[in-house]
Amino acid sequence: MTFKTLKALALATATGGTVAFGSAAHAVEIEYWQYFFDARVTAMEQLIENFETANPDITVTMTHFPYADYRTKVAAAIPAGEGPDVVQLFYGWLNDYVQADLIQPLPAETFPASQIDTDFFPMVQAMKDGDQYWALPTAVRSLALFYNERLLDEAGVEPPTTLDELMAAAEAMTKVDGAGNITQVGVTAGMTAQDHHWWREGLIRQMGGEPYTNDYQTVNYNNEAGLKALEFYAGMFQRENPVTAIGFMDEPQAAFKAGRAGMHIDGSFRIGSLADIRGLKWGVTELPATADGQRSNYSSYWVNAITTKAEGEKYDAAVKFMQYITSDEAMQIWLDVVGELPAKPSVGMTEANANDPIFGPFIRGLEYANTTKFADESGQRQLMVEMVERMTLEGMSAADSLAIAAEAEQKLLDGYFAAN
Amino acid sequence: MKLYRDLTIHQKQIVWAWTFLALPVLFYGVIRFYPTGNAILISFQDWNLLGDRTWTGFDNYSTLFADPVFWKVFKNTFVYLLLGTPISLVISFVIAYHLDKTRFLHGFLRMLYFLPFMTSAVAMAWVWRWFYQPVPIGLFNNALASVGIPQINFLNSTTNALPAILAPAVWAGLGFQIIIFMAGLRAIPRSYYEAARIDGVSTWSILWEITLPLLKPTIVFLVVFSSIGFLRIFDHVFNMTTNNPGGPLNATKPLVLMIYQTAFSSFDMGYAAAQTVVLFVVLLVVSLLQLRLLRDR
């Protein structure tokens, strides 16, 4: 018996007061697993403490281990009847977890689909199957445009709100040396970072397209909208006076941190690591819109789900715990501690949160965000990387390279969905 | 007990030998051969680490042989081998040969050559990765730019990237090969050299007729050892191209990196196991061929 359990028992006994002694011994212990990330663990500890105070007869034990081992451990433990009752997983893994019978759907009585549809930001519906939800997030992430205030001032430009303004601002902030080598980029670029999300769910939709159809099983960007999106993207580094270079300073975020990039598109999870950089004055604004005001964003998230191991009273306790960690209170705690965005407009769109100078642009972006259902995120990202490489290193035209990428991604998706 | 007493001395020796051998046999069985057998089994299955394993026959292999990326990777692996092994052996032999003759600061020089071998490959790969960056952070390109020479795309190029990654890998392995060569050189009896000098044989002839033939066992060992090393190259490539592993456009991807990606980012264990089996066969064939070719007749 762990110290936590003892403490919970003591607490249960104390708060139980008049309740018969026997009920304290009835304490249910459930296990919660997540991967190790300092702030997430701290936030979860706080949530567990609050939950245990409200539910003295339930104890939650959290286990965490390095991200690299996460999948294998979960896969080995649950079928063996060990491991978590409530588990955290990346939204993109949901299909694998469902297929492998590792998680069970959330009970419709407590988590009615219609209620969740209206309560949560729309992209959470990727977790829905028919009229049941498999899993729910506490927090979500989206993209926004980071800008270096000092470089913006120096060039005398304002944070851009449209794609045209983005290009103009980037042009004003780009610096080259005598030989024409870029020494400072106006905006960072690189499909290896977050740009592939921006391209897929941002630019393609803004150009009037839809990147995938048939529930993300069919590639749908080998068309005019996809080509326009790719041409806009490649236009940043394949023009007469490029405003960026692929691989500049090795990694886009490194260039931005070093103050050598005027603007940088990245996720809300970057906020924490930028906050501590000395001498870097930065701000955030929403992803630029098209000239006619069309906006689109990408959102990803980690979700919590009840595993197939949870049965009987543990199941009931797990349901209660799920209810708490998807509550407004939990989301506010998660935002304050981890810096990840609330998954419900009721928390996100509060006056204070939606107008927060840093979180605001990300939270407002959630309203028009889409979530890509990946079959193999790194594999699909790789195809976007290669699409650009064929253009920059082999001189292929955008249209040809786009067609190859679309075909390769369709093949990857077909292979995945045929196996599952 | 009676059974044991009835055995002959020779049989008793065998019993004891096997008793002592039991531990390593068990160890090899459980830690080496069982996983190897299991990997071969998985290569005929479809498995994503989470669900059930299903039999797919030779599907993984036919997908593999029809995959252009696999052939590209296969070629890269052999380029690493065919460039890396001879280059590193020649350089390390030249250094060892001259170092062997040097008395001044001998120990210190030997330490300098050996140091990279003891350094973490990951740290070294990252330092070289930054050396290779374009202006404004890359050491090499900054130097070129400061004297007005156009930049060279080291890593962001389909032709330069592989040699650029191979160079630090060769450099890192030199220390070990130099030490082995020097040990081999020391083992050659002085009297052969003295006899050759009395007969007035040229330095070149001494090298060709005495030193190299007598170093053959050392050379065989190093060729096999470094070939296996280059066929399994991974850390340098992975760390120098983490954002785009094996890129650009698979120009630097070796087989081991492809296996790693298939297994642990696509979670396609069956396909990865099939690639492992292919790598195993390649390593086996290459090692046997080399042993046969370089064996004493």
A:Glu389 being touching a Pro at 6+ places or on another chain (Cβ under 9 Å) and within 14 Å of chain B (Cβ to nearest Cβ): yes
Looking only at helices (runs of 4 or more DSSP H) that fall completely inside region A:241-352, which ones have 1 or more residues that are over 21 Å from the mean Cα position of the chain (by Cα), of a type outside the set (A, V, I, L, M) and closer than 30 Å to A:Thr53 by Cβ? A:312-325
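Condition check ((1) within 17 Å of A:Ile325 (Cβ to Cβ); (2) in contact with a helix residue (DSSP H, G or I) (Cβ under 6 Å, 6 or more places away or on another chain); (3) surrounded by fewer than 23 Cβ atoms within 10 Å (Cβ to Cβ)) across all residues:
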| position | (1), (2), (3) |
| --- | --- |
| A:Ala54 | yes, no, yes |
| A:Ala75 | no, no, yes |
| A:Ile78 | no, no, no |
| A:Gly92 | no, yes, yes |
| A:Val98 | no, no, yes |
| A:Asp101 | no, no, yes |
| A:Val124 | yes, no, no |
| A:Ala135 | yes, yes, no |
Would you say B:Tyr193 is within 14 Å of chain A (Cβ to nearest Cβ) and assigned to a helix (DSSP H, G or I)? no
Within the group B:Ile149, B:Ile137, B:Ile165, B:Ile179, which residue is within 12 Å of chain A (Cβ to nearest Cβ) and crowded, with 16+ Cβ neighbours inside 10 Å? B:Ile137
Tell me which residues, restricted to region A:36-81, are of a type in the set (A, V, I, L, M) and away from chain B (no Cβ under 14 Å). A:Ala39, A:Val41, A:Ala43, A:Met44, A:Leu47, A:Ile48, A:Ala54, A:Ile58, A:Val60, A:Met62
Only residues that are over 28 Å from the mean Cα position of the chain (by Cα) and either within 17 Å of A:Arg260 (Cα to Cα) or not assigned by TED's automatic domain parsing to the domain that holds A:Glu251 (or both): list them for region A:179-199, please. A:Gly180, A:Asn181, A:Ile182, A:Thr183, A:Gln184
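This table checks each residue for (1) crowded, with 17+ Cβ neighbours inside 10 Å; (2) outside the structural domain of A:Glu201 (by TED's automatic domain parsing); (3) of a type outside the set (Gly, Ala, Ser).
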site: A:Gly247; (1), (2), (3): yes, no, no
site: A:Gly279; (1), (2), (3): no, no, no
site: A:Pro288; (1), (2), (3): yes, no, yes
site: A:Pro342; (1), (2), (3): yes, yes, yes
Hits in region A:88-142 (condition: in contact with a Lys or Arg (Cβ under 8 Å, 6 or more places away or on another chain) and outside any helix (DSSP H, G or I)): A:Phe120, A:Phe121, A:Trp134
Could you look through region A:82-113, keep only residues that are small (Gly, Ala, Ser) and more than 20 Å from A:Glu29 (Cβ to Cβ), and pick out the one that is nearest to the other protein chains (Cβ to nearest Cβ)? A:Ala100
Mind checking whether some residue in region B:42-57 is assigned to a helix (DSSP H, G or I) and within 30 Å of B:Ser226 (Cα to Cα)? yes
Selection within region B:258-278 - without any contact (Cβ under 8 Å) to a residue 60 or more places away in the chain and farther than 19 Å from A:Ala418 by Cβ: B:Ile259, B:Tyr260, B:Gln261, B:Ala263, B:Phe264, B:Ser265
Regarding B:Asp100, is this residue more than 14 Å from chain A (Cβ to nearest Cβ), touching a residue at least 12 places away in the same chain (Cβ under 8 Å) and acidic (Asp, Glu)? yes
Reported set for region B:150-206 where residues are among the aromatic types (Phe, Trp, Tyr) and out of contact with any helix residue (DSSP H, G or I) (no Cβ under 8 Å at 6 or more places or on another chain) is B:Trp204
Being in a helix (DSSP H, G or I) and over 21 Å from A:Phe232 (Cβ atoms) is the filter here; which residues of region A:383-420 pass it? A:Glu407, A:Ala408, A:Gln410, A:Lys411, A:Leu412, A:Leu413, A:Asp414, A:Gly415, A:Tyr416, A:Phe417, A:Ala418, A:Ala419
For the condition modelled with pLDDT of 85 or more, under 27 Å from A:Ser299 (Cβ atoms), out of contact with any Pro (no Cβ under 7 Å at 6 or more places or on another chain) and acidic (Asp, Glu), what is the one hit in A:Glu109, A:Glu49, A:Glu45? A:Glu45
Among the residues of region A:370-382, the number that are away from every other protein chain (no Cβ under 11 Å) and assigned to a helix (DSSP H, G or I) is 0
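The values are calculated or read from the model by the stated rules, or taken from the named source; none is laboratory data. Not measured: the values here are computed from a predicted model. In this analysis, Cβ positions are derived from the backbone assuming ideal geometry, glycine residues included, and neighbour counts consider all displayed protein chains.
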